[in-house]
Amino acid sequence: MPATAPDRHTPSYGSRAVVTGAGSGIGRAVALQLAARGGQVVCADIDLDRAEATAGLLGRDHGIAVQCDVASHAQVTALAAAAEQRLDGPVDLVVNNAGIGVGGLPVGDNSMDDWERLLAVNLWGVVYGCDVFVPKLRRIGRGGIINVSSGAGFAAIPRMSGYNVTKAGVLALSETLAAELAGSGVRVSVLCPAFVRTNIARDAKGIEGPLVEFADTAMRWAGRSPEWIARATLDAYDKGTLHVLPHFEARVLWRFKRLLPGPYTALMGALSQLTSRLIPDLGQTRELTVGGSDADRH
């Protein structure tokens, strides 16, 4: 892949990047796109085989595989050290992509284990990534962070409470970080996608049923490809965009909720009642691996 010299207008080109959850899905697509833009990429994933598969697709000059569980601050610190040792220069782009999802139950019915695991991977994993890498970026005075949140971070979809909370936290963290880094030369973008065409629903662990069929169908018909999401995200990052909402439906929900918060919440309540009738076993929990500690897939 031909290298392209970076400049201040196109920071994703020729970057030295770390991507978590790079074993598949959005993480792999971002790594591939960065390599196509002439960059070197540390492909981090809890599953080393998946990380190595992604790094292999990038080629020897562009891809480096590292095993990392983002739920561990010590492992994220070790990831940074490995990146510094193996890249040709300092890391100038960090993509905190790794995350997991659990859905299907209302507040009060989810187990505390689910809550703690979601928080550990989806929220603390991003906090750790920012805590470890932001001081390094601030010191070099350039580069940036891309945190992967979700449309769920502002949409407040019923029966996805734990996932919603963690992604809302990533959104708030990113907005705060953007304010704190203003004028430093370090930029921040937060990706809030809607449906993405991956095998997340089919690969879900747990009970089979209509919920999986519903989610899988929605992703196939309404979703965008991970490759499209990766290109759109990096292009938005290059433009200095903070909130990256590549899906039209996500942008509609974003504006609807901000302009009419009361009617929006009423609509979500009606949607919750409707889906409960249409999908009788919706109350059964589903664990969806979408880029996180246990599978590092997004």
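The values are calculated or read from the model by the stated rules, or taken from the named source; none is laboratory data. Everything quoted here is computed from the prediction, not taken from an experiment. Please note: Cβ atoms are built from the backbone with ideal geometry, for glycine as well, and neighbour counts cover all protein chains shown.
Just checking, which of 159, 142 is of a type in the set (D, E, K, R), farther than 24 Å from residue 256 by Cβ and not in a helix (DSSP H, G or I)?
None of the others qualify; the one that does is 142.
Select from region 63-111 the residues that are touching an Asp or Glu at 6+ places or on another chain (Cβ under 6 Å) and farther than 26 Å from residue 168 by Cβ and list them in ascending order.
Once the filter is applied, which keeps residues that are touching an Asp or Glu at 6+ places or on another chain (Cβ under 6 Å) and farther than 26 Å from residue 168 by Cβ, region 63-111 yields only 65.
Please determine whether any residue of region 276-287 is in contact with a strand residue (DSSP E or B) (Cβ under 6 Å, 6 or more places away or on another chain) and either closer than 23 Å to residue 168 by Cα or at pLDDT 65 or above (or both).
yes
Which one of 94, 102, 76, 107 is over 23 Å from residue 187 (Cα atoms) and either free of Cβ contacts under 8 Å to residues at least 12 places away in the same chain or within 18 Å of the chain's Cα centre (by Cα) (or both)?
Working: 94 fails: over 23 Å from residue 187 (Cα atoms); 76 fails: over 23 Å from residue 187 (Cα atoms); 107 fails: either free of Cβ contacts under 8 Å to residues at least 12 places away in the same chain or within 18 Å of the chain's Cα centre (by Cα) (or both).
Of 94, 102, 76, 107, the one residue that is over 23 Å from residue 187 (Cα atoms) and either free of Cβ contacts under 8 Å to residues at least 12 places away in the same chain or within 18 Å of the chain's Cα centre (by Cα) (or both) is 102.
Can you tell me which residue in region 240-277 is nearest to residue 186 (Cα to Cα), limited to those that are aliphatic (A, V, I, L, M), in a loop (DSSP other than H, G, I, E, B) and under 18 Å from the mean Cα position of the chain (by Cα)?
Here the answer is 242.
Name the pairs: first residue in region 114-139 and farther than 15 Å from residue 75 by Cα and outside any helix (DSSP H, G or I), second residue of a type in the set (Phe, Trp, Tyr) and at pLDDT 95 or above, Cβ to Cβ under 7 Å, at least 6 apart or on different chains?
Qualifying pairs under 7 Å: none.
How many of the residues in region 66-92 are within 24 Å of residue 140 (Cβ to Cβ) and touching a helix residue (DSSP H, G or I) at 6+ places or on another chain (Cβ under 7 Å)? Outline the logic, then answer.
First, pick out the residues of region 66-92 that are within 24 Å of residue 140 (Cβ to Cβ): 66, 68, 70, 73-92.
Now restrict to residues that are touching a helix residue (DSSP H, G or I) at 6+ places or on another chain (Cβ under 7 Å): 66, 68, 70, 73, 76-77, 80, 90-92.
Counting residues in region 66-92 that are within 24 Å of residue 140 (Cβ to Cβ) and touching a helix residue (DSSP H, G or I) at 6+ places or on another chain (Cβ under 7 Å) gives 10.
Could you tell me which of the residues 215, 172 is modelled with pLDDT of 90 or more, small (Gly, Ala, Ser) and within 29 Å of residue 116 (Cα to Cα)?
On the way: 215 fails: modelled with pLDDT of 90 or more.
Being modelled with pLDDT of 90 or more, small (Gly, Ala, Ser) and within 29 Å of residue 116 (Cα to Cα) holds for just one of 215, 172, which is 172.
Just to check your reading of the model, which residue among 8, 16, 60 is at pLDDT 95 or above and either buried (at least 24 other Cβ atoms within 10 Å of the Cβ) or not hydrophobic (A, V, I, L, M, F, W, C) (or both)? Working first, answer last.
Numbers: 8 fails: at pLDDT 95 or above; 60 fails: at pLDDT 95 or above.
Checking each option against the conditions leaves just 16.
Which one of these does residue 25 not meet: (1) modelled with pLDDT under 95; (2) over 24 Å from residue 241 (Cβ atoms); (3) among the small types (Gly, Ala, Ser)?
It is condition (2) that residue 25 fails.
Would you please name the residue that is modelled with the lowest pLDDT, looking only at residues in region 98-113 that are under 25 Å from residue 75 (Cβ atoms) and among the hydrophobic types (A, V, I, L, M, F, W, C)?
102
Could you figure out which of (1) in contact with a Lys or Arg (Cβ under 7 Å, 6 or more places away or on another chain); (2) closer than 30 Å to residue 269 by Cβ isn't true of residue 148?
Every condition holds for residue 148 apart from (1).
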